[in-house]
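The values are calculated or read from the model by the stated rules, or taken from the named source; none is laboratory data. It should be emphasised that the depicted structure is a prediction, and the values quoted were computed from it without experimental measurement. Quick reminder, even Gly has a Cβ in these numbers, built from the backbone with ideal geometry, and neighbours come from all protein chains shown.
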Amino acid sequence: MQSDPLSATFSALADPTRRAILARLSLGETSVKELSEPFDITPPAITKHLKVLEAAGLITRGRKAQWRPCALEAGPLREISDWVEHYRRHWEQSLDRLDAYLQDIQTSKAGQTNKAGQTSGAGEDAKTDKSST
Amino acid sequence: MTVQTQTAAETFDLTLTRVLDAPRALVFEMWSNADHKSQWWCPKAFTLIDSAENFRSGGDWMSIMEAPSGSQYRMEGTYTEIVESERIVFTHHWVEDGARGPKTLITVIFEEEGTRTRLTFTQALIDNESARNNQQNGWNEFLDMLTSALAERR
(Lines give C-alpha, C1' and ligand atoms only; values in the text may rest on other atoms or scores of the structure.)
Protein backbone atom coordinates (compact mmCIF):
# COMPACT_ATOMS: atom_id res chain seq x y z
CA MET A 1 0.00 0.00 0.00
CA GLN A 2 1.80 3.06 -1.23
CA SER A 3 -0.20 5.95 0.02
CA ASP A 4 2.52 8.58 -0.18
CA PRO A 5 5.31 9.59 -2.59
CA LEU A 6 7.94 8.76 0.00
CA SER A 7 6.90 5.11 -0.04
CA ALA A 8 7.13 5.11 -3.86
CA THR A 9 10.63 6.51 -3.61
CA PHE A 10 11.68 3.93 -1.02
CA SER A 11 10.18 1.21 -3.17
CA ALA A 12 12.29 2.34 -6.11
CA LEU A 13 15.36 2.47 -3.89
CA ALA A 14 14.78 -0.98 -2.43
CA ASP A 15 16.76 -2.67 -5.20
CA PRO A 16 20.58 -2.61 -4.92
CA THR A 17 20.98 -2.48 -8.72
CA ARG A 18 18.81 0.62 -8.86
CA ARG A 19 20.80 2.21 -6.05
CA ALA A 20 23.99 1.48 -7.95
CA ILE A 21 22.47 3.06 -11.07
CA LEU A 22 21.70 6.21 -9.11
CA ALA A 23 25.20 6.25 -7.70
CA ARG A 24 26.57 6.16 -11.23
CA LEU A 25 24.18 8.90 -12.35
CA SER A 26 25.27 11.11 -9.48
CA LEU A 27 28.55 11.44 -11.37
CA GLY A 28 26.77 12.83 -14.43
CA GLU A 29 24.41 12.12 -17.28
CA THR A 30 24.92 8.65 -18.72
CA SER A 31 23.58 6.55 -21.57
CA VAL A 32 21.74 3.28 -21.03
CA LYS A 33 24.60 1.41 -22.68
CA GLU A 34 27.16 2.88 -20.30
CA LEU A 35 24.89 2.22 -17.33
CA SER A 36 24.52 -1.47 -18.17
CA GLU A 37 28.27 -2.02 -18.53
CA PRO A 38 29.15 -2.67 -14.86
CA PHE A 39 26.25 -5.06 -14.37
CA ASP A 40 25.92 -8.67 -15.30
CA ILE A 41 22.39 -8.14 -16.62
CA THR A 42 20.96 -7.41 -20.03
CA PRO A 43 20.20 -3.90 -21.31
CA PRO A 44 16.44 -4.65 -21.30
CA ALA A 45 16.72 -5.50 -17.61
CA ILE A 46 18.48 -2.20 -17.04
CA THR A 47 15.70 -0.44 -18.92
CA LYS A 48 13.17 -2.06 -16.61
CA HIS A 49 15.01 -0.60 -13.62
CA LEU A 50 15.21 2.79 -15.30
CA LYS A 51 11.46 2.81 -15.80
CA VAL A 52 10.91 2.22 -12.09
CA LEU A 53 13.32 5.03 -11.25
CA GLU A 54 11.68 7.33 -13.75
CA ALA A 55 8.19 6.56 -12.42
CA ALA A 56 9.39 7.50 -8.95
CA GLY A 57 10.74 10.79 -10.28
CA LEU A 58 14.29 9.87 -9.38
CA ILE A 59 15.66 10.19 -12.91
CA THR A 60 14.77 11.80 -16.19
CA ARG A 61 15.50 10.19 -19.53
CA GLY A 62 16.31 12.10 -22.70
CA ARG A 63 14.22 11.86 -25.84
CA LYS A 64 16.78 10.79 -28.45
CA ALA A 65 16.07 7.08 -28.88
CA GLN A 66 19.63 5.93 -29.36
CA TRP A 67 21.35 8.09 -26.82
CA ARG A 68 18.63 8.55 -24.17
CA PRO A 69 20.87 9.99 -21.53
CA CYS A 70 19.67 9.48 -17.99
CA ALA A 71 20.05 12.12 -15.35
CA LEU A 72 19.58 12.11 -11.61
CA GLU A 73 16.77 14.17 -10.12
CA ALA A 74 17.67 15.50 -6.70
CA GLY A 75 14.16 16.28 -5.43
CA PRO A 76 12.96 12.86 -4.25
CA LEU A 77 16.42 11.99 -2.96
CA ARG A 78 16.48 15.13 -0.90
CA GLU A 79 13.11 14.12 0.51
CA ILE A 80 14.53 10.77 1.58
CA SER A 81 17.60 12.38 3.06
CA ASP A 82 15.45 14.90 4.93
CA TRP A 83 13.15 12.14 6.11
CA VAL A 84 15.97 10.08 7.56
CA GLU A 85 17.43 13.17 9.22
CA HIS A 86 14.04 14.15 10.58
CA TYR A 87 13.61 10.76 12.16
CA ARG A 88 17.11 10.85 13.62
CA ARG A 89 16.46 14.23 15.24
CA HIS A 90 13.09 13.07 16.54
CA TRP A 91 14.52 10.04 18.31
CA GLU A 92 17.63 11.82 19.55
CA GLN A 93 15.40 14.35 21.27
CA SER A 94 13.13 11.70 22.73
CA LEU A 95 16.11 9.79 24.10
CA ASP A 96 17.44 13.04 25.58
CA ARG A 97 14.17 13.37 27.43
CA LEU A 98 14.38 9.76 28.56
CA ASP A 99 17.85 10.40 29.96
CA ALA A 100 16.73 13.51 31.85
CA TYR A 101 13.56 11.84 33.13
CA LEU A 102 15.53 8.86 34.42
CA GLN A 103 17.75 11.19 36.39
CA ASP A 104 14.75 13.03 37.83
CA ILE A 105 13.08 9.81 38.92
CA GLN A 106 16.15 8.43 40.60
CA THR A 107 16.82 11.70 42.37
CA SER A 108 13.30 11.91 43.74
CA LYS A 109 13.36 8.23 44.71
CA ALA A 110 16.55 8.84 46.64
CA GLY A 111 14.85 11.79 48.31
CA GLN A 112 11.94 9.60 49.37
CA THR A 113 14.06 6.91 51.00
CA ASN A 114 15.96 9.55 52.94
CA LYS A 115 12.79 10.65 54.71
CA ALA A 116 12.48 7.77 57.11
CA GLY A 117 8.99 6.40 57.57
CA GLN A 118 7.40 8.93 55.27
CA THR A 119 5.93 8.45 51.85
CA SER A 120 5.21 11.26 49.47
CA GLY A 121 1.58 11.77 48.69
CA ALA A 122 0.33 8.39 49.93
CA GLY A 123 -2.71 8.52 52.17
CA GLU A 124 -2.21 5.06 53.63
CA ASP A 125 0.02 3.84 56.37
CA ALA A 126 1.47 1.13 54.16
CA LYS A 127 5.22 0.97 53.89
CA THR A 128 6.59 1.70 50.46
CA ASP A 129 9.06 -0.96 49.65
CA LYS A 130 10.09 -0.44 46.07
CA SER A 131 12.48 -3.30 45.85
CA SER A 132 14.20 -3.65 42.52
CA THR A 133 13.63 -6.96 40.79
CA MET B 1 26.66 -9.99 29.13
CA THR B 2 25.94 -8.66 25.69
CA VAL B 3 22.86 -9.27 23.66
CA GLN B 4 23.26 -9.70 19.93
CA THR B 5 21.70 -6.83 18.11
CA GLN B 6 19.42 -8.16 15.45
CA THR B 7 18.48 -5.49 13.03
CA ALA B 8 16.09 -6.07 10.19
CA ALA B 9 18.29 -6.07 7.08
CA GLU B 10 16.09 -3.74 5.08
CA THR B 11 16.62 -0.58 3.13
CA PHE B 12 17.42 2.31 5.44
CA ASP B 13 18.23 1.79 9.02
CA LEU B 14 18.88 4.33 11.68
CA THR B 15 20.84 3.33 14.79
CA LEU B 16 21.21 5.36 17.95
CA THR B 17 23.00 4.30 21.13
CA ARG B 18 22.83 5.75 24.61
CA VAL B 19 24.43 4.73 27.84
CA LEU B 20 21.95 5.69 30.53
CA ASP B 21 22.89 6.13 34.15
CA ALA B 22 20.23 3.82 35.54
CA PRO B 23 19.71 0.09 36.14
CA ARG B 24 18.43 -1.92 33.21
CA ALA B 25 15.11 -2.90 34.80
CA LEU B 26 14.32 0.76 35.46
CA VAL B 27 15.20 1.82 31.93
CA PHE B 28 12.98 -0.94 30.59
CA GLU B 29 10.17 0.26 32.84
CA MET B 30 10.37 3.65 31.16
CA TRP B 31 9.16 1.89 28.02
CA SER B 32 6.85 -0.71 29.51
CA ASN B 33 4.96 1.58 31.88
CA ALA B 34 2.63 3.90 29.99
CA ASP B 35 2.70 6.62 32.65
CA HIS B 36 6.49 6.77 32.62
CA LYS B 37 6.64 6.56 28.83
CA SER B 38 4.34 9.54 28.42
CA GLN B 39 6.91 11.67 30.26
CA TRP B 40 9.60 11.39 27.60
CA TRP B 41 8.12 9.83 24.47
CA CYS B 42 7.91 12.93 22.29
CA PRO B 43 10.60 15.46 21.26
CA LYS B 44 11.37 18.36 23.52
CA ALA B 45 9.04 21.08 22.30
CA PHE B 46 6.16 18.70 21.63
CA THR B 47 3.28 17.72 23.87
CA LEU B 48 1.83 14.26 24.07
CA ILE B 49 -1.90 14.83 23.97
CA ASP B 50 -3.21 11.30 23.67
CA SER B 51 -1.84 7.79 23.80
CA ALA B 52 -2.86 4.16 24.13
CA GLU B 53 -0.58 1.30 25.03
CA ASN B 54 -1.05 -2.44 24.85
CA PHE B 55 2.37 -3.52 25.99
CA ARG B 56 2.40 -7.15 24.94
CA SER B 57 3.38 -9.11 21.86
CA GLY B 58 0.70 -8.41 19.26
CA GLY B 59 -0.56 -5.39 21.18
CA ASP B 60 -1.17 -2.06 19.44
CA TRP B 61 0.07 1.32 20.53
CA MET B 62 -0.77 4.88 19.50
CA SER B 63 0.46 8.37 20.31
CA ILE B 64 -0.74 11.80 19.23
CA MET B 65 1.60 14.70 19.73
CA GLU B 66 1.24 18.37 19.17
CA ALA B 67 3.99 20.55 17.76
CA PRO B 68 4.61 24.09 19.00
CA SER B 69 2.88 25.23 15.79
CA GLY B 70 -0.29 23.48 16.91
CA SER B 71 -0.06 20.78 14.22
CA GLN B 72 -0.88 17.32 15.45
CA TYR B 73 0.95 14.15 14.48
CA ARG B 74 -0.20 10.64 15.11
CA MET B 75 2.07 7.66 15.25
CA GLU B 76 1.06 4.10 15.82
CA GLY B 77 2.11 0.50 15.51
CA THR B 78 2.16 -2.99 16.99
CA TYR B 79 4.51 -4.66 19.43
CA THR B 80 5.93 -7.76 17.78
CA GLU B 81 8.36 -9.01 20.42
CA ILE B 82 8.97 -8.21 24.07
CA VAL B 83 11.66 -9.80 26.23
CA GLU B 84 11.48 -8.42 29.76
CA SER B 85 14.38 -6.04 30.48
CA GLU B 86 16.15 -7.07 27.28
CA ARG B 87 14.40 -6.21 24.05
CA ILE B 88 11.35 -4.50 22.61
CA VAL B 89 10.49 -4.78 18.92
CA PHE B 90 7.58 -2.87 17.41
CA THR B 91 6.31 -1.46 14.17
CA HIS B 92 5.94 2.27 13.76
CA HIS B 93 4.41 4.56 11.18
CA TRP B 94 3.09 8.10 11.03
CA VAL B 95 -0.46 8.99 10.11
CA GLU B 96 -0.81 12.51 8.79
CA ASP B 97 -4.06 13.89 7.35
CA GLY B 98 -5.35 10.36 7.02
CA ALA B 99 -2.39 9.22 4.90
CA ARG B 100 -0.20 6.47 6.29
CA GLY B 101 3.55 6.97 6.07
CA PRO B 102 6.10 4.24 5.41
CA LYS B 103 6.03 1.43 7.94
CA THR B 104 9.18 0.90 9.97
CA LEU B 105 10.39 -1.64 12.49
CA ILE B 106 12.00 -0.42 15.66
CA THR B 107 14.21 -2.60 17.82
CA VAL B 108 15.30 -1.45 21.27
CA ILE B 109 17.96 -3.47 23.07
CA PHE B 110 18.80 -3.05 26.75
CA GLU B 111 22.20 -4.20 27.95
CA GLU B 112 23.77 -3.92 31.38
CA GLU B 113 27.03 -2.02 31.63
CA GLY B 114 27.89 -2.18 35.31
CA THR B 115 25.33 -0.01 37.07
CA ARG B 116 24.39 1.63 33.79
CA THR B 117 22.38 0.54 30.79
CA ARG B 118 23.34 0.63 27.14
CA LEU B 119 20.27 1.29 25.04
CA THR B 120 20.53 0.55 21.31
CA PHE B 121 17.73 1.88 19.17
CA THR B 122 17.35 0.81 15.54
CA GLN B 123 14.71 1.84 13.05
CA ALA B 124 14.40 0.05 9.71
CA LEU B 125 12.01 0.38 6.81
CA ILE B 126 9.80 -2.62 6.16
CA ASP B 127 7.00 -1.25 4.07
CA ASN B 128 7.17 -3.22 0.90
CA GLU B 129 7.87 -6.73 -0.38
CA SER B 130 11.03 -5.85 -2.23
CA ALA B 131 12.40 -4.03 0.79
CA ARG B 132 11.83 -7.07 2.94
CA ASN B 133 13.47 -9.44 0.48
CA ASN B 134 16.43 -7.35 -0.45
CA GLN B 135 19.69 -7.21 1.37
CA GLN B 136 20.70 -4.06 3.11
CA ASN B 137 24.07 -4.10 1.34
CA GLY B 138 25.16 -0.77 0.15
CA TRP B 139 22.46 1.26 1.86
CA ASN B 140 24.81 3.21 4.08
CA GLU B 141 27.19 3.80 1.18
CA PHE B 142 24.20 4.93 -0.82
CA LEU B 143 23.28 7.46 1.85
CA ASP B 144 26.84 8.79 1.77
CA MET B 145 26.66 9.16 -2.00
CA LEU B 146 23.33 10.91 -1.57
CA THR B 147 24.72 13.42 0.87
CA SER B 148 27.59 14.41 -1.40
CA ALA B 149 25.41 14.43 -4.52
CA LEU B 150 22.90 16.72 -2.86
CA ALA B 151 25.63 18.95 -1.51
CA GLU B 152 26.78 19.61 -5.05
CA ARG B 153 23.33 20.63 -6.12
CA ARG B 154 22.78 23.65 -3.89
Check whether at least one residue in the range B:12-30 is among the aromatic types (Phe, Trp, Tyr), buried (at least 16 other Cβ atoms within 10 Å of the Cβ) and modelled with pLDDT of 95 or more, and report yes or no. yes
Among the residues of the range A:5-24, how many are more than 9 Å from chain B (Cβ to nearest Cβ) and either in contact with a strand residue (DSSP E or B) (Cβ under 9 Å, 6 or more places away or on another chain) or part of a loop (DSSP other than H, G, I, E, B) (or both)? 2
Would you check if there is a residue in the range A:31-51 being at the interface with chain B (Cβ under 10 Å from one of its Cβ atoms), surrounded by 12 or more Cβ atoms within 10 Å (Cβ to Cβ) and either without any contact (Cβ under 8 Å) to a residue 40 or more places away in the chain or assigned to a helix (DSSP H, G or I) (or both)? no
Sole exception among (1) part of a loop (DSSP other than H, G, I, E, B); (2) within 12 Å of chain A (Cβ to nearest Cβ); (3) surrounded by 14 or more Cβ atoms within 10 Å (Cβ to Cβ) for B:Phe55, by number: (2)
Given the structure, is B:Met1 in contact with a His (Cβ under 8 Å, 6 or more places away or on another chain), more than 9 Å from chain A (Cβ to nearest Cβ) and modelled with pLDDT under 95? no
What are the residues in the range B:29-52 that are closer than 16 Å to A:Ser94 by Cβ and part of a strand (DSSP E or B), if any? B:Thr47, B:Leu48, B:Ile49, B:Ser51
